[in-house]
Amino acid sequence: MPDYHDDLRLGHVLADAADAATMERFKALDLKVETKPDMTPVSEADKAAEELIRGQLQRARPRDAVLGEEFGSEGTGPRRWIIDPIDGTKNYVRGVPVWATLIALMERGEGGDRPVVGIVSAPALNRRWWAADGLGAFTGRSLTSATRLRVSQVGRIQDASFAYSSLTGWEERDKLPGFLDLSRDCWRTRGYGDFWPYMMIAEGSVDICAEPELSLWDMAACAVVVKEAGGQFTGLDGKPGPHSGNAAASNGLLHEDLLGYLGDSPR
């Protein structure tokens, strides 16, 4: 079985560097923000953090490929780092502290590419989560000061806490009725959004969450953290991993129910 300890340590070094860069510009009055072709915002901090991570990877892992939200794909090979320099840019530019740098390592195997290392660092919340294949999922500020993560044991939708990002995406996919049915049937709903609900699932404080439209860099790091905490991460089509362009995550016990409301197959 591969040993990912060195990759995990490198991921923390990358996250430390990104945290310093993003926090330096958080709430800056002269922060420069542009609109990308897909009409989403990108700040100078997004670009600077990704460039920083790419530079360190080039020195530490020159043979590995890289895919980042701001600067695309570079290199080829069986190992590829996936970077979202700031997940939650809209929060970042408005001064809301719910944003994070997402760093994942994906490795090619018989079943295709799969995430094997994930680091989610949210410095404005003073939180970090991480996981590696076969090593478990943890939260803390360092590898030597960490708490193991485990998903909840909630087994009924009526007792479940459901997290989501927004309503509009579900409406565009013609799944708003199922979304509303789930919201009525579960115990509690909250629109935490972005990376945070996946980390809450890993911690056991949220039981189910789903998003209708995502990119690989939004999901890769979160997927391995949820999985290593004992949860389940699939697309709305039920396929495991972060490859479906959308996400459904749960404590595992409620996954079939979650897909029954929001999945691509009819109930």
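The values are calculated or read from the model by the stated rules, or taken from the named source; none is laboratory data. The shown structure was predicted, so the numbers you read here are calculated from the model rather than taken from an experiment. Don't worry about glycine lacking a Cβ; one is built from the backbone with ideal geometry, like all the others, and counts go over all protein chains shown. The area values use the complete protein model at the heavy-atom level, side chains included, leaving out ligands, DNA and RNA. Shrake-Rupley method; radii C 1.70, N 1.55, O 1.52, S 1.80 Å.
Rolling a 1.4 Å sphere over the protein heavy atoms, what is the accessible area per residue of the chain, to the nearest Å²?
46
How much length is gained on full extension from residue 108 to residue 3, taking 0.36 nm per residue of separation minus their Cα-Cα distance?
36.3 nm
Does segment 4-148 classify as rounded, prolate or oblate by the C-alpha gyration tensor (a ≥ b ≥ c root eigenvalues; a/c under 1.5 gives rounded; else a/b over b/c gives prolate, otherwise oblate)?
The shape class here is oblate.
Which of these, 143, 214, 57, has the largest mean-square fluctuation under a Gaussian network model of the chain (Cα springs below 10 Å)?
With Cα springs under 10 Å in the chain, the top fluctuation among 143, 214, 57 is at 143.
Going by average Cβ neighbours within 10 Å, how do the peptides 176-183, 15-22 rank, with the highest at the top?
15-22, 176-183
In whole percent, and with a 1.4 Å probe on the protein chains, what portion of the accessible area of segment 207-259 is carbon and sulfur?
47
For the charge dipole of the chain, defined by +1 on Lys and Arg C-beta atoms and -1 on Asp and Glu C-beta atoms about the Cα centroid, which residue among 81, 130, 166 has the Cα displaced farthest towards the positive pole?
Going by the charge dipole, the pick is 130.
Report the Cα centroid-to-centroid distance between segment 235-259 and segment 93-110 in angstrom, as an integer.
A separation of 18 Å, based on Cα centres.
Answer rounded, prolate or oblate for segment 212-267, using the Cα gyration tensor with square roots of eigenvalues a ≥ b ≥ c: rounded when a/c is under 1.5, else prolate when a/b is larger than b/c, else oblate.
Here segment 212-267 falls in the oblate category.
Over all directions, the average projected area of the alpha-carbon convex hull for the chain comes to how many nm²?
The Cα convex hull of the chain, projected and averaged over all directions, gives 13.7 nm².
Based on DSSP H runs of at least 4 residues, each adding -39500 (n - 2.57), what is the mean residue ellipticity at 222 nm of the chain after dividing by all its residues, to the nearest 500 deg cm²/dmol?
So the helix-based figure for the chain works out to -10000 deg cm²/dmol.
If the cut-off is 26 Å between C-alpha atoms, which lysines fall inside it for residue 90, apart from same-chain ones fewer than 8 positions away?
27, 32, 36, 47, 175
Quick check: with the 1.4 Å probe, what order do 198, 261 take by accessible area, largest first?
Order by accessible area, largest first: 261, 198.
Among the helices of the chain (complete DSSP H runs), which have Cα atoms covering no less than 15 Å along the helix axis and a Kyte-Doolittle mean of at least 0.5?
Helix filter hits for the chain: 216-228.
What do you reckon, how do 255, 243 stack up by accessible area (1.4 Å probe), largest on top?
Putting 255, 243 in descending order of accessible area: 243, 255.
Which FRET efficiency, nearest 0.05, do residue 264 and residue 125 yield, Cβ-Cβ r, R0 35 Å?
Once rounded, the FRET efficiency stands at 0.60.
Once fully extended, how much extra length lies between residue 27 and residue 141, figured as 0.36 nm per residue of separation less the alpha-carbon to alpha-carbon distance?
Separation in residues times 0.36 nm, less the Cα-Cα distance, equals 38.8 nm.
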